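Right, one structure below, let's go through it.
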Amino acid sequence: METKIKSSANKEKIGDWLPINGTDYVEFYVGNAKQSAYYYQTAFGFQPLAYSGLETGNRENVSYVLQQDKVKLVLTTPLNSKNPINQHIVKHGDGVKVISLWVEDAAKAFEETVKRGAQPFLQPTKYEDKDGYVIQSGIHIYGDTVHIFTERKNYKGIFLPGYQAWNPQYKSSPVGFKYIDHMVGNVSWGEMNTWAKFYEEVMGFYNLLTFDDKDISTEYSALMSKVMSNGNGYIKFPINEPAEGKKKSQIEEYIQFYEGQGVQHIALATDNIIETVTEMRKRGVDFLDTPESYYKTLLDRVGHIDEDIEILKKLGILVDIDEEGYLLQIFTKPVEDRPTLFYEIIQRKGAKSFGKGNFKALFESIEREQERRGNL
Ligand code: FE2
């Protein structure tokens, strides 16, 4: 059953101790940042923004910063075996370490969340260079993942102190990503409520939607999910946990291969999903496939849509409706060798939901992939 827990009437007031302007950046710890950066440039159309490494005086690690409209990704690789980042990569493979949130006051964000029970990761710290200063602080969330609060009102540099502009000869064209629509965390059995409560009590978020195992189940496997949102709605974090089914839940497969809890998918918003997905497919991105039968009943389910259904079928794009409009979405296959992190591409045409009507078709598609991997 999909339930709205809180009305949106007073949501602006919720969590006013932690005002968040938006997602600042997402940092991945990866085995080879140079090659990952090339993948995100070529296949996802990200633009080079900034760099830190040996050439900038950083002898510990290399970081490439990529940008597409409001989305910023940082790809980081350690430069020696002593660097603790290695442990993260050995354990999890390539994955998201940091979800950085853009705040006006990073010291206050730290103080308010730690006071409410967050585990400190980074004490408020000032980073400075000729372009001003940035204050960052951080707390632990699920698994080895962290939130870093970034205060940048006194900084006019390209990204963060210590970074230089990165302007390589090679440039690819953008594919139309605008901003991060939501980021999903996979947590262990029985942990969904723990983390929903964390976002509510520590971060001041509210429970926008809840999906139980009847919403999200196929013949074989199931999961449950709570969507947590901050007051202004700019940040949405669904939290998934596995549910009992005949076979292994996709959440369990993730946790087994990530060797812990972590970020499952990042949903990137576009204004034209047909153009975005056409371009990504051309550049070699693999998407989950959708059976032809899905499109036979599509119009009966969603009514009139602006897009040509034949084109959606050719690209494998899914459609869902809610009371406020409709949305189009599609999911990539995992972008690493381990079946862990993947991406969702989403275009909202009024709908504020998450594609509940597609869950069954989608999860059956995921299960076909799990089966091929011998993990169902
Ligand atoms: Fe999603």
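Every read-out reported here was derived from the displayed coordinates using simple, explicitly stated rules and does not represent laboratory data. The structure displayed is predicted, hence computed values, not measured ones.
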Per the C-alpha gyration tensor (a ≥ b ≥ c, the square roots of its eigenvalues), the range 143-274 is rounded if a/c is under 1.5, else prolate if a/b beats b/c, else oblate; here it's prolate
Rounded to the nearest 5, the percent of antiparallel DSSP beta bridges in the chain equals 80 percent
Semi-axes (Å, rounded, descending) of the ellipsoid equivalent to the range 177-373 per its C-alpha gyration tensor are 25, 20, 16
Heads up, the range 218-261 by the C-alpha gyration tensor (a ≥ b ≥ c square roots of eigenvalues; a/c under 1.5 rounded, else a/b over b/c prolate, else oblate) looks oblate
GNM of the chain, Cα pairs under 10 angstrom: of Asp215, Asp105, Asp308, the biggest fluctuation goes to Asp308
Check: C-alpha center the range 277-291 vs C-alpha center the range 316-346, spacing in Å is 11 Å
Of Lys72, Lys314, Lys333, the most mobile residue in a GNM of the chain (C-alpha springs, cutoff 10 Å) is Lys314
Relative contact order as a percentage, the chain, C-alpha pairs under 8 Å and 6+ apart, gives 16 percent
Straight-line reach check, Lys91, cutoff 23 Å on alpha carbons, 8 or more apart in-chain or any other chain, hits among lysines -> Lys34, Lys82, Lys248, Lys333
The percentage of Cα-Cα pairs in the chain separated by more than 25 Å is 55 percent
Stokes-Einstein, Kirkwood over Cα pairs, the range 2-165, 37 °C, 0.692 mPa s; D in µm²/s equals 193 µm²/s
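Report the antiparallel proportion of the DSSP beta bridges in the range 227-376 as a percent, rounded to a multiple of 5.
For the range 227-376, the DSSP antiparallel bridge percentage is about 70.
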Quick shape check on the range 254-314: root eigenvalues a ≥ b ≥ c of the Cα gyration tensor, a/c under 1.5 is rounded, otherwise prolate if a/b tops b/c, else oblate, and it reads prolate
The pairs in Lys214/Lys282; Lys153/Lys349; Lys246/Lys296; Lys178/Lys247 lying past 30 Å Cα-Cα in this model are Lys214/Lys282; Lys153/Lys349; Lys178/Lys247
Rounded to the nearest 500, the 222 nm mean residue ellipticity computed for the chain from DSSP H runs (n ≥ 4, each -39500 (n - 2.57)) alone is -6500 deg cm²/dmol
